[in-house]
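*Asks:* Here it is, the structure, as C-alpha cells.
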Amino acid sequence: MSQGITFQGLGSGLDTGSIIEQLVAIEQRPVTLIQQRQATLETQKLAIADINSALLNLKSQAENLADVDLFSITKINSSDSSKVSVSATNDAAIGSINVEVLELAQARSLSSRSFSASDEDLGLAGEFVVNGVGIEIASTDSLIDVRDTINAADAGVNAQILTVADGDNRLIVSAEEVGAAGFDLRDASAEDVLQGLGLTSAATQVKNTFADGARSAQFLSDSDSVGTLLNLSSPPAGTVSIAGTDITVDLATDSLTSIADSINTAGIAGVSAAVTSVDDGGLMRYQLEIQGTTEIVDNTGAMETMGVLDSSGDVVDEIIAGAETDAFTSTTTSLGSLLSLGTGPQGSISIAGQSVAIDLAEDSLTDIQTRINDASIAGVTATVTTSSHADGKSQFRLRIDGTTDLVDDGNILESLGVLQGSNSAFESVARVLTANTPNQVRGAVLNPVGGSGAKSMEVASDADPLSTTIGSTASGSVSIDGVAVAIDLNTDSLNDVRDKINATGISGVTATVNTVGPATFELEISGTQTFDDDGGVLQDLGVVGANSVATDNTRFGDIANVNVQAGDTVSISGRNRDGDQVAGTFTISNSNLRIDNLLTTVEGLFGDDVTAFVDAMGRISLADNVAGTSSMSLTLTANNEGGGNLTFGDLSVTTQGADARSSELQAGTDAEVRINGITLSRSTNTITDAVEGVTLTLNQITDEEEVVEVSVSKDDTTQLRSQLEGFVAEYNTAMGLIQAQMAVDTDTGERSSLTGDATILGVQSRLRSAIINEIDVEGEFNALVFMGINFDRDAELTIDDARLTEALENNLEDVQALFVERGSTTNEDVEFVRSTTRTLAGNYSLDVTQAAQQAELLGSVDLSGGLAEAQTLTITEVGSLSSTAVVELTAGDTTDDIVEKVNSALSSEVAEVRRGSVANTTDGAAAIDEDTVFADIFGAGVVNGDSIRIQGTTHDGSAVQRSYEIEDAATQDIGDLLSEVRATFGNDISANIDADGRILVTDNQVGPSSLTVTLVEANEGGGNLDLGSIEAETEGRFPMEITAINVDGRLQLRHDSYGDNSGFSVTQSVDQLGLATDEVRGADVEGSINGEVADGFGRILTGSRDNATTDGLTLRVTTTQAELDADSSDRGSVGLVYGVGRSLTDLLSFITDDIDGTLKTREDAIDDTIDNLGDQITVLERRVEQTRTHLVSKFATLEGSLATLQSQGDFLASQLAGLSSGRG
C-alpha cells in the first residue's frame, strides 16, 4: 500500500524519494526509542498513582486504629428502645439501671390572636425582643412578613402561620429547643407590638424576683415549743446552719420566739429573725421569719419540720426582696445595643411610686443603677450583680432591692426583663361581621327653589363649555328623580345640560337656564329635589353638596345612587352563634323608613342576641352579644323590586369570636425521669449527665409501674475487630499491588513496570518494618504478632482469630497501647500536649530556664479607708489584643468597691458607639429629636428634593451605601432618616438622636468593629443641613483578660494569660491608687527539649521547626519561677511512644503527601525525565528535518548535474552525428 508520493530521478532514473525516506528513518530511530521510554515512564506513573491510592486507603485505616475512642468497648442495651434509647462510652460502669419516664421535655409554643388575612398590612410598627435578639416590624408588614422576620433573626424560635379556617389565621411561635426555659419574648417599644399580635396581654408581672429570707409554717403559739404544738413524740434537735453560722435548735424545748432569739444572738452579719402574727378569723397564727439570707442548711430535720425547708432542702416560703433584670454581657454598653434594637425605648418608669427617667438607646446597666440610686427612693437600692455563664463569660444583672412596686413606661422594664407580659390574661372576644360595601347619603341640595326645585351656581356663560367657566371636567351619569342623564362638563355648556335633562322627558321635571345678570347664568331644575350625583358633576355645578357616610338613622330614600322604591324588600338569612338557621324579610313600605328599622328586624330574627349597627364607613355590621366562639353569619339581599340598585355587600368575619384564652399553646417543660427510684429533671430529652458514660434518650412516657431496664457490659469489641480486619485487608491490598508492579515473569523474564524501582522497594521495606517492629511499651504486647496478626508464607498479613479474641477480651489496654500515641512526663508541672508527624518517638530530657509569668501591677497604697476623691482609671491591654476600659471611681470607694468596679468593666463586652459632631436644634436652643421634621431644623434650609447619601462599613467591614430622598420636608422627619440608616446597615445598628440633638449610632454586635457611618448632605436646594461627622466615641471590644484583686487593702491588676504577648498599662486622672504607669508584660516559658531549642508562647513550649528529634513536640509547663529558683532548670523527662497505628499513619503521611511525599517526589522525577526526553525529541526531530532538507537538496543537485551532463552529451552526440553526415 502506498505510503505517499515518490518520484524517480528524472535524470538518473533513481527512486530518490525512497532513498531519502530510508535515510531519514535511520536518523529517526533515536526519537522512536525515546518515545518508547516516555511511554514506559507514563506506565510507571500510573502504577505509582495506583499504589498511592491504595496507601491512602491504608492510611485511613491506620488513623482509625490510632484513635483512642476506637477502643471504647462498652455495650449497652435498653429493654424498650421505643421508650428509652441508649448509648454509652467506655466510662460507663458495668451493671444495670431502671428507668421510668414520667414526663417528656417539650418546646414552648405561643399563638397570636386571629387575623382575617395573612397577607394584609397589620398596621403594627415597633420592636420586640426574642431570646435577646431585637426584631423590628413596620406598619406595612403582614402576618407573613412578621413570620419571615422572626425566622430570619435566627433567635432560637420557629414562626409559622396556622390557618384554622377562612378568615382565621394565627402566628405560631415555637422554641427550637425543648425545656422549661422555653424562650423569652418582650415588647421593646412603646407601640406594644406583642400585645397587638396577641402574643402577650396588657397585664404584666415581675419576671425576675430574688429572695432574701424565709418563713416557717404558721403555728398557734409563739411561746410553746414547736414539738408540743406539732404533738411530736421525738422532736428533732441539733445544729442548723444559717448563712454559714451554726445555730443549736431543739424542737422539744424551743419555741418560735426562742429560735428567733438564738438566731439574733448569733450576730450573723446582715441576718435577723422575728416572729410575726396574723389574725385568721379571730385566731392568732404565728410564724418565724428569717431576713437577710436564704442560705439555710439543715441536717437535723428541724427546719423541715417547721416548714422552712422542704425535703430537698429548698426554702418553702421565700421572702421576696426585690426584682432584677435578665442577664447581660456588659455593664457599660447601652441596653438597646445589647438587645439589638434599632431604637431603644425611653420614658419614665415608676419605682415605689417615684419616677426615674431612662433611655435604653444610651443607658447601660451602670447608668440605670446610678439613676435609681440618685433618685433616693426610700428603702430602695440598685446594684449590679455579677455571675458566670456556663461558657465562662461574665454576666450582669441590675438588682432593684427593697420593692417590687414597679410601673413600666414605653416597655423599658419589659425590655430589661424586670417585667413580662402575661400570656394568659386574654378575655373572651365576641364575633363581629362587617359588610364590604359602604352606603352613602346623597348630598344636600345647596340652592333649593321652594320645596320642589334646585338651582346651580352662577356661571359666566351659558354657551361655552363648563370646563372653561367653572374649571371642572367632571363627567358621569347623574340621576334626577330616578332617571339617568349623561353629562360631561368638559364639553357641555349650561344650555347643553338643560337640553339633555329636558330630552329625557322626566315626568314633571323641567330644566331652564336663567339670565341672572348681563353675563351671569344659572341652571334651574323644577319639579324635584331628588338628585343622585355621579363623578361629582352636580356637586361641581353647585346643585348638591358632597355625599356623606350613611348611619343607622339614614332614610332609605336618602341613600345615594340606589333609587329605593316603596315596596322594595330585603331578604335576611344566616345562622346564630349556635349554628341554627335564621331567616326573614324586611319590607321598605315607604322611603322614609330608616336603616335602623332594618337593623331592628335583624336583631329580632336573632332573638336579640346580637347587635346590628352601621360602622363609621357606612357598612352594616353585626356583633354577637355573647363573647366566645360563634357560628354567627348574616346575608342581606336587596331584591330591588322597584328597579333600584340597593346593596349591602357581603358580610364577613372581621373579629373572630374567641373564648378567654392563653396565648401559650404548650408550656415549655423539662423532662422528668426516675432512675433507680430517684427522680430528676432535665431541660432536654437527651440526658448525658445522670449516669456516667451513659446517654439516655427519652422517647415516650412509660406506663404506670413500667420500668425500662438499661444494661451495660464490657464485651463489645465488634467495631474494633472490624477495624483490625479492615486494616489487614487494606495492608494486603497495598502490598499486593506493590508486589505486582515489581514482579518478573519467571517463564518469559518479562519485567513489570516498577521492577527494581528503588523508591518502591524502599516503601515496601518501610511498610513491612512498621508492621513487624516492636513497640516500646510495657508487657508482652509489644508487637502485632502477640495479638494474632502476623505474616504468612506468602508475605500476607493474617489474623489468628483465637489469639486476637483472647487479646481483646483479656488485654485490651495492652492492645490499645500497641496502636495509639502515648505521651508521658515525669514532672507533675509538665503536661504532654501533642506531637506532629515531624516529631520522633523517644525519651527526652526537659530543661526549663524561665517559667511563664503573668503581667501584673501591685499598688503601693492601702485603699481600705476609701478614696479621697473621684477619679478615672483607664486600663489599656497591649499585645495581640488592644482594648481599653475606662472605670469611673468615686470618692469613698474602698479597695473592695474598686475591685468590683474594675472587674465589672473589664469583664464586660462593649459595642462600638459613634456620635455626630454637630448638635442640631429647632430654634437655636431646643435640641431636635426623632419627630423633628426637616423643615424645622434651625438654619438648615432643607427643601423638597434635597437628598442625603448614607454610606459606611458594617461591623465586618462590608461597604454599604444608599440615598435618602427628602420629598416633603414638612412631613418627613429625622426618625425617617434614622430608619433608613438602620436599614442601610441591615438593621444591625441602633440609630438615635441624643439629648443634644446629635446623631448617635451604636453597633448591635459587641466586640472589635469595622463600623463607620457617614451622612453626606447634598443640599441641592442651597440649604445648609449639617449632621456632622459621626466619629467613634467608644471602641468595641470583648472582655479584657485582666483581673483586679484586693491584696491586703492594695489594688493589684493581673493579666489572666501568661506570656510576653499579654500585658497592659494604666493611666489615672488622679494619682492615688499607687499604681505605676509603665507598660507591664508577662514572660514566655523558655527552655530546651532533648537539648534542642524550643519556642515558648505563654506556658506552651514547642520543639522548634527543623529540630532533629523534637520538631513539633508541644508541652504545657506550669512550673513557677519560684520553683525554678529554688530547685533547678531540670524538669525531668518526656516520653513519647508511637503505636503501630500512629507510626504507620506518620509513615504513610510522609510517603503519600501530595506536595513533597516520597511517591509525589518520584512522580515529579518521572515528569522531569519525561519533559527532558521531550526536549531531546524536539532537538532530534529538528535534526531529522534538517537531514531531510539536506538530502533533498543534494539529490536535487545531483539530478541537475546529471541533467546538464545529459544535455551536453546529447549536444555532442548531435554534433558528432552532424560531422559524420557531412563527410558522407
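*Asks:* Have a look at Ser663, Ser753, Ser711 and point out the one that is in contact (Cβ under 8 Å) with a residue 40 or more places away in the chain and touching a Phe, Trp or Tyr at 6+ places or on another chain (Cβ under 7 Å).
*Replies:* On the way: Ser753 fails: touching a Phe, Trp or Tyr at 6+ places or on another chain (Cβ under 7 Å); Ser711 fails: touching a Phe, Trp or Tyr at 6+ places or on another chain (Cβ under 7 Å).
Within the list Ser663, Ser753, Ser711, the selection yields Ser663.
*Asks:* Something else now. State which residue is surrounded by the fewest Cβ atoms within 10 Å (Cβ to Cβ) when the search covers only region 428-469 and only residues that are out of contact with any Ser or Thr (no Cβ under 9 Å at 6 or more places or on another chain) and over 14 Å from Phe531 (Cα atoms).
*Replies:* Only one residue tops the list, namely Met457.
*Asks:* Kindly indicate the residue of region 769-802 that is part of a helix (DSSP H, G or I) and touching a Phe, Trp or Tyr at 6+ places or on another chain (Cβ under 8 Å) and also surrounded by the most Cβ atoms within 10 Å (Cβ to Cβ) among those meeting that condition. Can you show your working first?
*Replies:* Going residue by residue through region 769-802, those that are part of a helix (DSSP H, G or I) are 769-772, 784-787, 801-802.
Next cut, touching a Phe, Trp or Tyr at 6+ places or on another chain (Cβ under 8 Å) only: 771-772, 787.
Values: Ile771: 18, Ile772: 12, Met787: 23.
This residue is Met787.
*Asks:* Suppose the filter is part of a helix (DSSP H, G or I), under 30 Å from Val1140 (Cβ atoms) and in contact with a Gly (Cβ under 9 Å, 6 or more places away or on another chain); does Gln38 pass it? Show your work before the answer.
*Replies:* On the way: part of a helix (DSSP H, G or I): yes; under 30 Å from Val1140 (Cβ atoms): no; in contact with a Gly (Cβ under 9 Å, 6 or more places away or on another chain): yes.
Answer is no for this residue.
*Asks:* Do we find a residue being part of a strand (DSSP E or B) and either among the aromatic types (Phe, Trp, Tyr) or assigned by TED's automatic domain parsing to the domain that holds Asn992 (or both) anywhere in region 875-887? Break it down into steps so the answer makes sense when it comes.
*Replies:* Let us first name the residues in region 875-887 that are part of a strand (DSSP E or B), namely 875-879, 884-887.
Cutting the leftovers down to either among the aromatic types (Phe, Trp, Tyr) or assigned by TED's automatic domain parsing to the domain that holds Asn992 (or both) gives us none.
Scanning region 875-887 turns up no residue that is part of a strand (DSSP E or B) and either among the aromatic types (Phe, Trp, Tyr) or assigned by TED's automatic domain parsing to the domain that holds Asn992 (or both).
*Asks:* Where in region 242-351 are there helices (runs of 4 or more DSSP H), lying wholly inside it, with at least 2 residues that are within 44 Å of the chain's Cα centre (by Cα) and more than 30 Å from Thr228 (Cβ to Cβ)? Show your work before the answer.
*Replies:* Details: elements: 256-265, 302-305, 335-338.
In region 242-351, 335-338 are the helices (runs of 4 or more DSSP H) which contain 2 or more residues that are within 44 Å of the chain's Cα centre (by Cα) and more than 30 Å from Thr228 (Cβ to Cβ).
*Asks:* For Thr257, which of the numbered conditions (1) assigned by TED's automatic domain parsing to the domain that holds Asp298; (2) at pLDDT below 95 fails to hold?
*Replies:* (2)
*Asks:* Which residues, counting only those in region 326-343, are surrounded by 23 or more Cβ atoms within 10 Å (Cβ to Cβ) and either basic (Lys, Arg) or farther than 20 Å from Glu1035 by Cβ (or both)?
*Replies:* Leu339, Leu341, Gly342, Thr343 - these are the residues of region 326-343 that are surrounded by 23 or more Cβ atoms within 10 Å (Cβ to Cβ) and either basic (Lys, Arg) or farther than 20 Å from Glu1035 by Cβ (or both).
*Asks:* Here's a follow-up. Please pick out the residue among Val129, Val157 that is closer than 22 Å to Asn685 by Cβ and outside the structural domain of Glu980 (by TED's automatic domain parsing). I'd like the intermediate steps shown before the answer.
*Replies:* Details: Val129 fails: closer than 22 Å to Asn685 by Cβ.
Going through Val129, Val157 in turn, just one is closer than 22 Å to Asn685 by Cβ and outside the structural domain of Glu980 (by TED's automatic domain parsing): Val157.
*Asks:* Scan region 348-372 for residues that are surrounded by 14 or more Cβ atoms within 10 Å (Cβ to Cβ) and more than 29 Å from Val1001 (Cβ to Cβ) and jot them down.
*Replies:* Ser350, Ile351, Ala352, Gln354 - these are the residues of region 348-372 that are surrounded by 14 or more Cβ atoms within 10 Å (Cβ to Cβ) and more than 29 Å from Val1001 (Cβ to Cβ).
*Asks:* Kindly indicate whether any position in region 981-997 is assigned to a helix (DSSP H, G or I), in contact (Cβ under 8 Å) with a residue 60 or more places away in the chain and under 22 Å from Ser917 (Cα atoms). Give the steps one after another, and end with the answer.
*Replies:* Within region 981-997, the subset assigned to a helix (DSSP H, G or I) is 981-984.
Then keep just the ones that are in contact (Cβ under 8 Å) with a residue 60 or more places away in the chain; that gives 982.
Now restrict to residues that are under 22 Å from Ser917 (Cα atoms): 982.
The answer is yes, given that some residue of region 981-997 is assigned to a helix (DSSP H, G or I), in contact (Cβ under 8 Å) with a residue 60 or more places away in the chain and under 22 Å from Ser917 (Cα atoms).
*Asks:* Go through region 830-849 and report how many residues are under 14 Å from Ile1100 (Cα atoms), surrounded by fewer than 16 Cβ atoms within 10 Å (Cβ to Cβ) and touching a helix residue (DSSP H, G or I) at 6+ places or on another chain (Cβ under 9 Å).
*Replies:* Residues that pass the stated criteria total 1.
*Asks:* So is Gln656 touching a residue at least 40 places away in the same chain (Cβ under 8 Å), under 38 Å from the mean Cα position of the chain (by Cα) and surrounded by fewer than 18 Cβ atoms within 10 Å (Cβ to Cβ) or not?
*Replies:* Details: touching a residue at least 40 places away in the same chain (Cβ under 8 Å): yes; under 38 Å from the mean Cα position of the chain (by Cα): yes; surrounded by fewer than 18 Cβ atoms within 10 Å (Cβ to Cβ): no.
Answer is no for this residue.
*Asks:* On to the next question. Report, by residue number, each residue of region 230-242 that is crowded, with 18+ Cβ neighbours inside 10 Å and either in contact with a strand residue (DSSP E or B) (Cβ under 6 Å, 6 or more places away or on another chain) or closer than 30 Å to Phe396 by Cα (or both). Step through it out loud before you land on a result.
*Replies:* Going residue by residue through region 230-242, those that are crowded, with 18+ Cβ neighbours inside 10 Å are 235-236, 240, 242.
Selection gives Val240, Ile242.
*Asks:* Something else now. Looking only at residues in region 916-941 that are buried (at least 21 other Cβ atoms within 10 Å of the Cβ) and under 20 Å from Glu1033 (Cβ atoms), which one is nearest to the chain's Cα centre (by Cα)?
*Replies:* Gly916
*Asks:* List pairs: first in region 805-816 and assigned to a helix (DSSP H, G or I), second polar (S, T, N, Q), Cβ under 6 Å, 6+ apart or cross-chain?
*Replies:* Between residues of region 805-816 that are assigned to a helix (DSSP H, G or I) and residues that are polar (S, T, N, Q), the close pairs are Leu808/Thr717.
Per-residue answers, yes or no, for (1) within 55 Å of the chain's Cα centre (by Cα); (2) among the acidic types (Asp, Glu); (3) in the same structural domain as Ser452 (by TED's automatic domain parsing); (4) modelled with pLDDT of 90 or more:
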| position | (1), (2), (3), (4) |
| --- | --- |
| Gly567 | no, no, no, yes |
| Gly574 | yes, no, no, yes |
| Asp578 | yes, yes, no, yes |
| Gln581 | yes, no, no, yes |
| Gly584 | no, no, no, yes |
| Ile588 | no, no, no, yes |
| Asp596 | no, yes, no, yes |
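*Asks:* Any residue at all in region 671-681 that is farther than 30 Å from Arg575 by Cα, crowded, with 16+ Cβ neighbours inside 10 Å and without any contact (Cβ under 8 Å) to a residue 60 or more places away in the chain?
*Replies:* Going residue by residue through region 671-681, those that are farther than 30 Å from Arg575 by Cα are 671-681.
The next check asks that each one be crowded, with 16+ Cβ neighbours inside 10 Å; those that pass are 671-673, 675.
From the residues that got through so far, the ones that are without any contact (Cβ under 8 Å) to a residue 60 or more places away in the chain too are none.
Checking region 671-681: not a single residue is farther than 30 Å from Arg575 by Cα, crowded, with 16+ Cβ neighbours inside 10 Å and without any contact (Cβ under 8 Å) to a residue 60 or more places away in the chain.
*Asks:* Which of the helices (runs of 4 or more DSSP H) found entirely inside region 1118-1224 contain at least 2 residues meeting this: surrounded by 12 or more Cβ atoms within 10 Å (Cβ to Cβ) and in the same structural domain as Glu778 (by TED's automatic domain parsing)? It would help to see each step written out before you state the result.
*Replies:* Numbers: elements: 1121-1126, 1140-1152, 1158-1223.
In region 1118-1224, 1140-1152, 1158-1223 are the helices (runs of 4 or more DSSP H) which contain 2 or more residues that are surrounded by 12 or more Cβ atoms within 10 Å (Cβ to Cβ) and in the same structural domain as Glu778 (by TED's automatic domain parsing).
*Asks:* Looking at region 475-509 only, could you name the residues that are part of a strand (DSSP E or B), among the β-branched types (Val, Ile, Thr) and in contact (Cβ under 8 Å) with a residue 40 or more places away in the chain?
*Replies:* At the first step, the residues of region 475-509 found to be part of a strand (DSSP E or B) are 475-480, 483-488.
Then keep just the ones that are among the β-branched types (Val, Ile, Thr); that gives 478, 480, 483, 485, 487.
Residues satisfying the conditions are Val478, Ile480, Ile487.
*Asks:* Starting from region 414-441, take each residue that is closer than 24 Å to Arg575 by Cα and list its partners that are of a type outside the set (A, V, I, L, M) and surrounded by fewer than 17 Cβ atoms within 10 Å (Cβ to Cβ), counting only C-beta distances under 6 angstrom and pairs at least six apart or across chains.
*Replies:* Ser428/Gly628; Ser428/Asp659; Ala435/Gly649; Asn436/Gly649; Asn436/Asp650; Thr437/Thr647; Thr437/Gly649
*Asks:* Please count how many residues of region 676-697 are under 17 Å from Ser312 (Cβ atoms) and not in a strand (DSSP E or B). Give the derivation first.
*Replies:* To start, the set of residues in region 676-697 that are under 17 Å from Ser312 (Cβ atoms) comprises 677-682, 690.
This time we only want the ones that are not in a strand (DSSP E or B), so: 677.
So the count comes out to 1.
*Asks:* So, in region 971-993, exactly how many residues are surrounded by 13 or more Cβ atoms within 10 Å (Cβ to Cβ) and either at positive phi or over 29 Å from the mean Cα position of the chain (by Cα) (or both)? Write out each step before concluding.
*Replies:* Here is the first cut: in region 971-993, the ones surrounded by 13 or more Cβ atoms within 10 Å (Cβ to Cβ) are 972-985, 987-993.
With the extra rule that they be either at positive phi or over 29 Å from the mean Cα position of the chain (by Cα) (or both), the set shrinks to 972-974, 987.
The total comes to 4.
*Asks:* In addition: In region 91-146, which residue that is in a strand (DSSP E or B) and hydroxyl-bearing (Ser, Thr, Tyr) is surrounded by the most Cβ atoms within 10 Å (Cβ to Cβ)? Outline the logic, then answer.
*Replies:* Residues of region 91-146 in a strand (DSSP E or B): 95-103, 106, 109-111, 115, 126-130, 133-137.
Then drop every residue that is not hydroxyl-bearing (Ser, Thr, Tyr), which leaves 96, 109, 111.
On the way: Ser96: 13, Ser109: 20, Ser111: 22.
Only one residue tops the list, namely Ser111.
*Asks:* Continuing with the same structure: Please work out if Gln28 is loosely packed, with under 15 Cβ neighbours inside 10 Å, assigned to a helix (DSSP H, G or I) and not basic (Lys, Arg). Spell out the reasoning first.
*Replies:* Values: loosely packed, with under 15 Cβ neighbours inside 10 Å: no; assigned to a helix (DSSP H, G or I): yes; not basic (Lys, Arg): yes.
Here the answer is no, as Gln28 does not meet what is asked.
*Asks:* For region 972-1008, which positions are more than 18 Å from Ser334 (Cβ to Cβ) and among the polar types (S, T, N, Q)?
*Replies:* Gln972, Ser979, Thr984
*Asks:* If we keep just the residues of region 302-324 that are touching a strand residue (DSSP E or B) at 6+ places or on another chain (Cβ under 9 Å) and acidic (Asp, Glu), which is farthest from Asp250 (Cα to Cα)?
*Replies:* Glu324
*Asks:* Hey, another quick one. Return only the number of the condition from (1) within 30 Å of Leu857 (Cα to Cα); (2) in a strand (DSSP E or B) that Tyr964 does not satisfy.
*Replies:* (1)
The values are calculated or read from the model by the stated rules, or taken from the named source; none is laboratory data. Worth saying up front: this structure is predicted, and the values here are computed from it rather than measured. When we count neighbours, we look across all protein chains shown, and the Cβ atoms used for this are built from the backbone with ideal geometry, even at glycine.
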